[in-house]
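All remarks here apply to the structure that follows.
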Amino acid sequence: MYRVKTFNKIAPKGLARFPDHGFEVGAGVDDPHAVLLRSHRLTEGDLPGHVAAVARAGVGVNNVPVEFCSRRGIVVFNTPGANANSVKELVLAALLLTSRDVLGGFDYVRTLTTVTDDEELHRLVEQEKSRFKGHEVAGRTLGIVGLGAVGSRVARAALNLGMDVLGYDPALSVDAAWRLPSDVKRMENLPTLFARSHYVSLHIPAIAQNVGLVNEDLLANLQPRSVLLNFARQEIVDEAAVKTALGGGRLAAYFADFPSTVLAGEPNAHTTPHLGASTAEAEENCAVMAADQLRQFLLYGNVENSVNFPNVALDPADGYRVGVTNANVAGMLGQIMSTLADARINVIDMINKSRDRVAYNLIDLDTPPDDELMAQISAIDEVLSVRLFDPLTD
């Protein structure tokens, strides 16, 4: 029986991915083998000894102690792309709202609620509507920083709106490159992208080198009256620099999904309360993806979309599957194989991959490993975890 503890409310469609037979899933589960969560800030105390995996139904994992998990040999999953369409649609809404003063128009009309004569109402509207005149986005240039699951969708949508699209992503993967429309012009550096764009949309993670990336120096490259959109992470933008750029006219508007005390009261700083993934569809997509990844790992040891482990997939074979996680140092695989050979156990199939400081091995054996053998493998220096997978619960 595999036990999966949930934090937050997980979409029922995701929970339904766990078979009734062989799985116990819920908020009240004790001594879990895995954890499934959304925004709950996970602590080391939430990860007792049997926890082998954590799945975040979302992209960011800043609420998960990833380094601690890596040291313990706990795989951490996220769900890249599952909420991409939801975020893309909110970015498009912000793009249009900053090109047409719809918000100002709304506010003005609300001041007219005491006008009871239709003719007078229409006269006032015609007299004042020029205050809210905007411009079309067609023919303007959108610069996209980060061309992953969300950025590539925003690029395609902007092209369909008749915009010119520039893109910058030094870490662009092969898969992401295939998804990217060919009409997107790749930029070699950020200052050039900022200088050539009327709008800039950010879609990069808050890793160390990106924190504070959009600062006073970078914003100085913008054309006057440009627009900055941030539906990625709050930390990648220096909000004090944004406030200065808004005050000096370098920025006409800043639209972000992160309310800020620094920008509170700024009339051209518009923020939403973390709505990027707040659609029923996105929550379901994330829950389903996270649950599927957990199920595949718990049953077969396969890893897909982990932030700290390599992607590993080994087709099920007749035999007994052991997963070994170890520090990515020389000689580890040889020691593991020697231990199996000393026990006279034959290896049917195996796969070994590494990522950064972690190496992960799936090994199919023709003989069931006993507790003594598992303990011997665990005792090898730099082995982080050893697990026997039981697909019979599927």
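The values are calculated or read from the model by the stated rules, or taken from the named source; none is laboratory data. Because the structure is a prediction, the values reported are computed rather than measured. Heads up, the Cβs are rebuilt from the backbone with ideal geometry, glycines too, and the neighbour counts pull from every protein chain shown. The accessibility values were calculated without ligands, DNA or RNA, using every heavy atom of the protein model including side chains. Shrake-Rupley method; radii C 1.70, N 1.55, O 1.52, S 1.80 Å.
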At R0 = 51 Å the Cβ-Cβ FRET efficiency linking Glu304 and Ser130, nearest 0.05, sits at 0.40
If you take all C-alpha pairs in the range 121-175, what percent of them are over 18 Å apart? 51
Relative contact order in percent for the range 1-83 (Cα pairs under 8 Å, 6+ apart) equals 27
Just name one of Thr79, Ala16, His40: the one whose Cα is farthest towards the positive end of the charge dipole of the range 1-94 (beta-carbon charges, Lys/Arg +1, Asp/Glu -1). Thr79
Rotationally averaged projected area of the range 234-390 (alpha carbon convex hull; nm²): 13.6
Over the range 144-242, with every protein chain in place, what whole percent of the accessible area is carbon and sulfur at 1.4 Å, could you tell me? 50
With 0.36 nm assigned to each residue of separation and the Cα-Cα distance removed, Gln296 to Asp315 gains 5.7 nm
Treat the range 297-360 as a sphere of radius equal to its Kirkwood radius over Cα pairs and apply Stokes-Einstein at 4 °C in a medium of 1.567 mPa s; give the translational diffusion coefficient in µm²/s, rounded to a whole number. 101
Output needed for the range 76-141: three equivalent-ellipsoid semi-axes, defined as square roots of 5 times the C-alpha gyration tensor eigenvalues, in descending order, whole Å. 37, 16, 7
Under the Karplus relation with 6.51, -1.76 and 1.60 and θ = phi - 60°, whole-Hz ³J(HN,Hα) for the range 19-30, x at Gly and Pro, equal x, 4, 7, x, 10, 10, 10, x, 6, x, 5, 9
Leaving ligands, DNA and RNA out of it, work out the accessible area of Met1 with a 1.4 Å probe and give it in Å² to the nearest 10. 130
Each label point is 7 Å from the Cα along the Cα-to-Cβ direction; what then is the distance between the points at Asp217 and Arg123, in nm? 5.9
Per-residue HN-Hα couplings for the range 38-46, Karplus 6.51 cos²θ - 1.76 cosθ + 1.60 at θ = phi - 60°, whole Hz, x for Gly and Pro? 10, 9, 3, 7, 6, 10, 4, x, 7
With every protein chain present, what is the per residue accessible area of the chain (1.4 Å probe, Å²)? 49
Residue-by-residue Karplus 3J(HN,Hα) for the range 132-149, coefficients 6.51, -1.76, 1.60, Hz, glycine and proline x: 10, 5, x, 9, 7, 7, 4, x, 8, 10, 10, x, 10, 9, x, 10, x, 4
Heavy-atom SASA rank of Lys5, Lys13 (probe 1.4 Å, accessible area, largest first): Lys13, Lys5
Take Ser378, Ser385 and sort them by solvent-accessible surface of the protein heavy atoms, 1.4 Å probe, largest at the top. Ser378, Ser385
Compute the length gained on full extension between Met1 and Arg41: take 0.36 nm times their separation in residues and subtract their Cα-Cα distance, giving the result in nm to one decimal. 11.8 nm
Taking a spot 7 Å from the Cα of Glu382 along the direction of its beta carbon, which residues of the range 328-345 have an amide N less than 12 Å from it? 328-336
Overall Cα dimensions of the range 55-204 - principal axes, largest extent first, Å: 71, 34, 24
How much net charge surrounds Val303 when only other residues with a Cβ under 10 Å from its Cβ are counted (Lys, Arg +1; Asp, Glu -1)? +1
What's the percent breakdown of Cα-Cα distances in the chain across 10 Å bins, shortest bin first? 4, 20, 25, 20, 15, 9, 4, 2, 1, 0
Put one equal scatterer on each alpha carbon of the range 198-264, apply the Debye formula with no solvent term, and list log10 I(q)/I(0) at q = 0.18 1/Å to two decimals. -0.58
Can you give the relative contact order of the chain as a percent, counting alpha carbon pairs under 8 Å and 6+ residues apart? 16
Percent of Cα-Cα pairs per 5 Å bin, from 0 to the last occupied bin, for the range 7-80, please list those. 3, 15, 28, 28, 18, 7, 1
Neighbour cut-off at most 13 other Cβ (10 Å), DSSP loop, trypsin sites (Lys or Arg not before Pro), the range 41-130: Arg41
Percent RCO, i.e. relative contact order, over the range 259-314, from Cα pairs under 8 Å lying at least 6 residues apart: 16
